[in-house]
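Trainee: There's a structure below that I have some questions on.
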Amino acid sequence: MYTRKQTRVVEIGNVKIGGGHPVAIQSMTNTKTEDVEKTTEQILALEKAGCDIVRCTVPTGEAAEALKEIKKRIHIPLVADIHFNYKLAIAAMENGADKIRINPGNIGGEENIRKVVETAKKYHVPIRVGVNSGSLEKPLVEKYHGVTAAGLVESALDKVRMLEAYDFHDIVVSIKSSNVLMCAEAYRLTAEQIDYPLHVGITEAGTVYSGNIKSAVGLGIILHQGIGDTIRVSLTGDPVNEIASAKLILKTLGLRQGGIEVVSCPTCGRTNIDLISLANQVETMASDFEHLNIKVAVMGCVVNGPGEAKEADVGIAGGIGEGLLIKKGEVIRKVPENELLDTLRNELEHWGE
């Protein structure tokens, strides 16, 4: 099996994936790409949240032309998502796309594939070939008696070979399904057969609630096997939410460092401070301190609170209308409940001094 360290290196703008490079976080805009202002605004918000690569749909010539102006205003690689029209793939590359996402099987035949590949070579643009369980070719559905992991893999490898036939190897592969276990199996089978970097995600995962759970389980299974070079958490809603989720998944698996890890207790009848509100405020505040690589504990009572807080770099253990501030295993002082958040922020602002 080809793991992250063994996959080929593909350069997407100034970001490298594969070959053991850090797993890159991707998202996709949900604005009309033709609207340069709104699309740029959303991409800049994604950048601020920690997005490494962003994708925009290109359904029209106007959208392809908009990429040129969008590129001038952003700071991360821009991927063009193309379906059916090979001319839009070419136009997107001519207007500065750092990568394109196509299905070589639906852009009109061999001659169109050749034209796209020639343009990709000219501009040094990688191509992601994507297979989705919702659009698996009918012959493969019939061959495998339904949509299966093996069918998805065969479809993906067919697309790869369409590009390899023109001596093109700057390829990224994605195989997506909303079925978590099928998706995980498909990526495992793919990693056994090709060394191209893999773009991993659970497609149509759902809302922020259900989508996060399905993505965490699916990406966790796949990434823990050493598979996956770039990821997207697909959520219905503001794409900025996808970035926080992706970062936490990677940090939980030990694949990304930096940023504050917030741990908090689930609360119980012993809790005598408004811990739920406090924990949420602390988690929001933590995003202001991405440069710190520390653990912050927000605990509710004297049973496990002091011990858990002492295991963190800094933490709060709740009492009756107050809490203990604990830093590096030592109790620093008692703090009134209404001052806990500001006290913790002050500690973070002066961390390391």
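The values are calculated or read from the model by the stated rules, or taken from the named source; none is laboratory data. The shown structure was predicted, so the numbers you read here are calculated from the model rather than taken from an experiment. Note that each Cβ is placed from the backbone with ideal geometry, even for glycine, and that neighbours are counted across all protein chains shown. SASA here: full protein model, heavy atoms, side chains in, ligands and nucleic acids out. Shrake-Rupley method; radii C 1.70, N 1.55, O 1.52, S 1.80 Å.
Trainee: If amide H atoms are built 1.01 Å from N in the plane of the peptide, which residues on other chains or at least 5 residues away come under 5 Å of the amide H of R256?
Mentor: Here the answer is K251, since their amide H atoms fall under 5 Å of that of R256.
Trainee: Okay, next question. Can you list the residues, at least 5 places off or on another chain, whose amide H is less than 5 Å from the amide H of V263, using H built in the peptide plane?
Mentor: The list, which skips near neighbours in sequence, is V296, A297, V298.
Trainee: If you don't mind, another one. In vacuo Debye scattering of the chain, one point per C-alpha: log10 I(q)/I(0) at q = 0.08, 0.12 Å⁻¹?
Mentor: -0.46, -0.88
Trainee: For the chain, modelled as a Gaussian network with Cα springs under 10 Å, which listed residue fluctuates most, G96, G237, G50?
Mentor: Fluctuation is largest for G237.
Trainee: What residues qualify as long-range amide H neighbours of V200, i.e. H under 5 Å apart, gap of 5 or more or another chain, H built at 1.01 Å from N?
Mentor: Counting only residues 5 or more places away or on other chains, the set is D229, T230, I231, R232.
Trainee: For the chain, find the longest principal axis of its Cα atoms and tell me its angle to the long axis of helix 149-164, 0 to 90°, nearest 10.
Mentor: 60
Trainee: Evaluate the distance, in nm, between pseudo-label points positioned 7 Å from the Cα of V240 and of N106 along their respective Cα→Cβ axes.
Mentor: About 3.1 nm separates the two model spin labels.
Trainee: With a Förster radius of 25 Å, plug the Cβ-Cβ distance of K5 and N293 into 1/(1 + (r/R0)^6) and report the FRET value to the nearest 0.05. Provide the component values of the computation, followed by the final result.
Mentor: Working: r = 23 Å, r/R0 = 0.92.
It comes out at approximately 0.60.
Trainee: State the percent of C-alpha pairs, over all pairs in region 215-353, separated by a distance greater than 18 angstrom.
Mentor: Details: 5533 of 9591 pairs.
Above the 18 Å cut-off, region 215-353 has 58 percent of its Cα pairs.
Trainee: Taking only C-alpha pairs under 8 Å that are 6+ residues apart, what is the relative contact order of the chain in percent?
Mentor: On the way: 730 pairs, mean separation 46.2, N = 353.
Worked out over the chain, it gives 13 percent.
Trainee: For region 226-280, what is the Kirkwood estimate of the hydrodynamic radius, computed as the reciprocal of the mean inverse distance between distinct Cα atoms, to one decimal in Å?
Mentor: On the way: mean 1/r = 0.0723 Å⁻¹.
About 13.8 Å, per the Kirkwood formula over Cα pairs.
Trainee: Moving to a separate point now. Based on the inverse mean of 1/r over its pairs of different Cα atoms, what is the Kirkwood hydrodynamic radius of region 95-230, in Å? Spell out each step's value before the answer.
Mentor: Details: mean 1/r = 0.0647 Å⁻¹.
For region 95-230, the Kirkwood estimate is 15.5 Å.
Trainee: Okay, next question. For region 134-242, which GluC sites (Glu not before Pro) are both in a DSSP coil and crowded by at most 16 other Cβ atoms within 10 Å?
Mentor: Details: sites: E137, E142, E154, E164, E185, E192, E204, E242; in loops: E137, E192, E204.
Qualifying residues, ordered by number: E137, E192, E204.
Trainee: Further question: Can you send over the solvent-accessible area of K87, 1.4 Å probe, protein chains only, in Å² to the nearest 10?
Mentor: 130
Trainee: Now for a different question. Suppose R0 equals 30 Å; then what is the FRET efficiency for H83 and N280 from their Cβ-Cβ distance, rounded to the nearest 0.05? Display every interim value, and only then the final one.
Mentor: Details: r = 39 Å, r/R0 = 1.32.
E(calc), rounded to 0.05, equals 0.15.
Trainee: If you don't mind, another one. Taking every pair of alpha-carbon atoms in region 1-106, give the share separated by more than 24 Å as a whole percent. Working shown, then result.
Mentor: Numbers: 1357 of 5565 pairs.
So the pairs more than 24 Å apart make up 24 percent of the total in region 1-106.
Trainee: I've got another one for you. Could you give the semi-axes, largest first, of the ellipsoid that matches region 284-346, computed as the square roots of 5 times the alpha carbon gyration tensor eigenvalues and rounded to whole Å? It would help to have the intermediate numbers written out before the result.
Mentor: Working: eigenvalues 66, 38, 17 Å².
Semi-axes (√(5λ), whole Å): 18, 14, 9.
Trainee: Under a 1.4 angstrom probe, counting protein chains only, how are H350, H75, H145, H199 ranked by accessible area, largest first?
Mentor: On the way: H350 80, H75 130, H145 170, H199 0 Å².
The most accessible residue leads, giving H145, H75, H350, H199.
Trainee: For N14 paired with I332, estimate the spin-label separation in nm (one decimal), with each label point 7 Å from Cα along the Cα-to-Cβ line.
Mentor: Reported label-point gap for N14 and I332 is 3.6 nm.
Trainee: So what is the relative contact order for region 1-89, in percent, with contacts set as C-alpha pairs under 8 Å and at least six apart? Please list the in-between numbers first.
Mentor: Values: 131 pairs, mean separation 23.5, N = 89.
The value is 26 percent.
Trainee: Next question, about the same structure. Does anyone have the angle between helix 208-224 and the longest principal axis of the chain? Alpha-carbon axes, 0 to 90°, nearest 10?
Mentor: 70
Trainee: Using θ = phi - 60° and the Karplus relation 6.51 cos²θ - 1.76 cosθ + 1.60, list the HN-Hα couplings for region 61-78 in order, rounded to whole Hz, with x at every Gly or Pro.
Mentor: Whole-Hz 3J(HN,Hα) from phi for region 61-78: x, 4, 5, 4, 5, 5, 4, 4, 6, 4, 4, 5, 9, 10, 10, 10, x, 10.
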